[in-house]
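What follows is a set of notes on a single structure, which appears directly below.
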Amino acid sequence: MNERGRQAFADVMTFPAPEDATPATTRMLEFVFGDVWQRPVLTRRDRRFITLPCVAASDAEGPLRDHVYAALNSGDVSIVEMQETVLHFAVYGGWPKASRFNMVVDEQWDRIHRERGEQLPPAVPLLPLPTPSDPEARLRVGEQSFKDINCLPYAPTRDNPFQGAGILNFVFGEMWLRPGLGMKERRLITVACVAFQDAPYPILSHVYAALKSRDLSFDEMDELALHFAAYYGWPKASHLNQVIGEQKVRVLAEWAEEAAPL
Amino acid sequence: MNERGRQAFADVMTFPAPEDATPATTRMLEFVFGDVWQRPVLTRRDRRFITLPCVAASDAEGPLRDHVYAALNSGDVSIVEMQETVLHFAVYGGWPKASRFNMVVDEQWDRIHRERGEQLPPAVPLLPLPTPSDPEARLRVGEQSFKDINCLPYAPTRDNPFQGAGILNFVFGEMWLRPGLGMKERRLITVACVAFQDAPYPILSHVYAALKSRDLSFDEMDELALHFAAYYGWPKASHLNQVIGEQKVRVLAEWAEEAAPL
Amino acid sequence: MNERGRQAFADVMTFPAPEDATPATTRMLEFVFGDVWQRPVLTRRDRRFITLPCVAASDAEGPLRDHVYAALNSGDVSIVEMQETVLHFAVYGGWPKASRFNMVVDEQWDRIHRERGEQLPPAVPLLPLPTPSDPEARLRVGEQSFKDINCLPYAPTRDNPFQGAGILNFVFGEMWLRPGLGMKERRLITVACVAFQDAPYPILSHVYAALKSRDLSFDEMDELALHFAAYYGWPKASHLNQVIGEQKVRVLAEWAEEAAPL
């Protein structure tokens, strides 16, 4: 059984499992790698986008380094996707942790190229930005994308710094609209982040929107809760699981209503 | 197998397991309750003192409520021990989270008495405090208890507000010395808290001191790491597990040196 | 456009912006430094007292080191204020993280003096303490300051270890009353801490008290929410912003009532 865990670790992480007989290590190999990562519904690539924000938030630098390396080295996540993941995480997990995450990405990307004896490819230029610069146009884009992404019929008022300068101008007026990372991946990252931050409304609204938009299926969301439990602990995962249960009911009711003949 | 998890949940929690077929719930019943809580070396009571700080830190109010209820209702933890756990947690996990923990303790203690049709017993009076009031005497007590508890030959300088007014005057000059909670229990709580806070020196020094003092055995510490993984996630637990490995080596070397003939 | 971000970074941080073309870095320069730090209502100094607890809580040691250096090196924050910030943070964010913060302060203070070729000034002695030593007198002081600082007509009962030995005896009986840090600064730190800890009552009561006391204006509180979003992530900031909206309504109603002729 332990052999299965060791093999699973090596597959996911792209390097051998630790030689260590402590209960935490042996049970981690069996449960986290031998069981959770092997489960269906979410692919190994999908699971990277839940794992990465969790380890970036957990401040455990060794695991962060290992998971960034594994995601890039396996080819599951491209460097452009990884860098967009850092930016998305910065917004939902805070810039200081993201700043460390960003350094680890540079360091591991470098390491992979050194190990392979390859040259680092040139960075993708930032400009031109994909969104308008004119403040009024940008706020209008932000309002529309806020509605689309949150599956809501309204956007918050502009005349509040958090909402106007922050949410509409930057988070929805730019960050979510950047190419280079798919919508499913952004949903996985966002739900993981609101689950560890666990402020009451964001967890509710992002679980709702991920399901309502069909970017994540009900089964994918259930798997996300289990994967999250492994990486951020059962208490927060239990809360997430409860929110998921409630939002499924809400979404089903709305879909039933929308499908009803007029 | 699921029956075993459900039964284990009911034993630990003192109420029936949830009827819920999601992966997160079914795997939690099997792994967390059917496996981790049933393991040897740490008793069920010991495991409460790891679980409580983790759920208090996690901000998941449902699980916090459930675990406070279970710890008191099972008789594993007395109300005095529980209240000292809140104060100890306040220091190591932050007062805002402790404030909610404290309210939940009052609320669940009340609930248990209502369910049993019993009167709430009167509160234990705060005064007299067990430690000296004179500032100079108190700092001397704090310096000595800092050395004893941390197994170090020195105490930090007083003339720094964090160290003097905080650490020596309050944390080691009073909090750790309060009766009503045993040293083993304080060690379990502290290691859980430094493991989720994961600042590099505190995790190192508290794991070291818990082992060096023999308040926790090497095997108990290994079990703590696994139990912590379930309640706070594997990335932080991996880091804790690595620190434990290093501190065992250090402690063994010191013991060997101390035992050597002069 | 990026030039503006780079210049803003250098102004705030007192050292040049990183040469790094990743999305997280370029967008951080533009949004966090070029936009958020440049906004009106809160001064650069004020913003330090929101940033410091956020980076100290985030456990990202590079950003913590940089922000402590910048706050001291710019002259915006004195060493006495910085050390009181550490103690205040210890209470609201947890001692393990504060312990690292304290070490970083010592290290950066040293570095600044080495860079300038100056001698370290002697530490300010801890004793005498500014508050009474007699336990009964101290609890009375703690009860009064609890009422004053929380803008409440009552104080919690003493006969509970968290409330008596912790809150009344130490947090309000001593820590909040220490000279060396102004009330506005303590409010900024406290609101940032309750916002990342986000236990429901503390966030509510400290936002309320900061507004009710007029230590922070409504506009300053709104700016705090935006600044906090950048440093701790949008989900918790979004919750803070909602609490602020509700507490403004409550405070306005109370002021209207208090102003009404009898």
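The values are calculated or read from the model by the stated rules, or taken from the named source; none is laboratory data. These figures come from a predicted structure and were not determined experimentally. Positions of Cβ are generated from backbone atoms using ideal geometry, with glycine treated the same way; all protein chains shown enter the neighbour counts.
Points worth noting:
- Applying the set (1) modelled with pLDDT of 95 or more; (2) touching a Lys or Arg at 6+ places or on another chain (Cβ under 7 Å); (3) of a type in the set (Ser, Thr, Tyr) to residue C:131 leaves exactly one unmet item: (1).
- Matching entry among A:48, A:44 (being surrounded by fewer than 19 Cβ atoms within 10 Å (Cβ to Cβ), away from chain C (no Cβ under 14 Å) and touching a residue at least 24 places away in the same chain (Cβ under 8 Å)): A:44
Conditions tested, residue by residue: (1) over 23 Å from residue B:201 (Cα atoms); (2) among the hydrophobic types (A, V, I, L, M, F, W, C).
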site: C:93; (1), (2): no, no
site: C:102; (1), (2): no, no
site: C:118; (1), (2): yes, no
site: C:127; (1), (2): yes, yes
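- Cβ separations smaller than 7 Å between residues 6+ apart or across chains give the following pairs from the stretch A:123-137 residues that are touching a residue at least 40 places away in the same chain (Cβ under 8 Å) and more than 9 Å from chain C (Cβ to nearest Cβ) to residues that are of a type outside the set (A, V, I, L, M) and in a helix (DSSP H, G or I): A:131/A:138.
- Residue C:166, sole failed condition from (1) more than 28 Å from residue B:181 (Cα to Cα); (2) surrounded by 15 or more Cβ atoms within 10 Å (Cβ to Cβ); (3) free of Cβ contacts under 8 Å to residues at least 12 places away in the same chain; (4) among the small types (Gly, Ala, Ser): (1)
- Scanning the stretch A:87-97 turns up no residue that is at pLDDT below 95, of a type in the set (Gly, Ala, Ser) and over 14 Å from the mean Cα position of the chain (by Cα).
- Per this entry, residue A:15 is not counted among residues that are at pLDDT 95 or above, touching a Leu at 6+ places or on another chain (Cβ under 7 Å) and not charged (D, E, K, R).
- You will find that of A:181, A:204, the residue that is buried (at least 22 other Cβ atoms within 10 Å of the Cβ) and more than 9 Å from chain C (Cβ to nearest Cβ) is A:181 and no other.
- Near pairs, Cβ below 6 angstrom, 6+ apart or cross-chain, from the stretch C:185-205 (closer than 15 Å to residue C:150 by Cα) to any residue that is assigned to a helix (DSSP H, G or I) and of a type in the set (Gly, Ala, Ser): C:187/C:210; C:191/C:210; C:202/B:99
- Selection within the stretch C:229-262: residues that are in contact with a Lys or Arg (Cβ under 9 Å, 6 or more places away or on another chain) and modelled with pLDDT of 95 or more. The member of this set that is nearest to residue B:96 (Cα to Cα) is C:247.
- Any hit, the stretch C:79-102, residues being surrounded by 24 or more Cβ atoms within 10 Å (Cβ to Cβ), in a helix (DSSP H, G or I) and away from chain B (no Cβ under 13 Å): no
- Filter pass, residue A:119 being surrounded by fewer than 14 Cβ atoms within 10 Å (Cβ to Cβ) and either touching a residue at least 40 places away in the same chain (Cβ under 8 Å) or in a loop (DSSP other than H, G, I, E, B) (or both): yes
- Unmet criterion (only one of (1) assigned to a helix (DSSP H, G or I); (2) surrounded by fewer than 19 Cβ atoms within 10 Å (Cβ to Cβ)) for residue A:19: (1)
- The stretch B:4-30 residues that are more than 14 Å from every other protein chain (Cβ to nearest Cβ) and on the phi > 0 side of the Ramachandran plot, paired with ones that are aliphatic (A, V, I, L, M) and in a helix (DSSP H, G or I) (beta carbon under 9 Å, 6 or more apart): B:14/B:70
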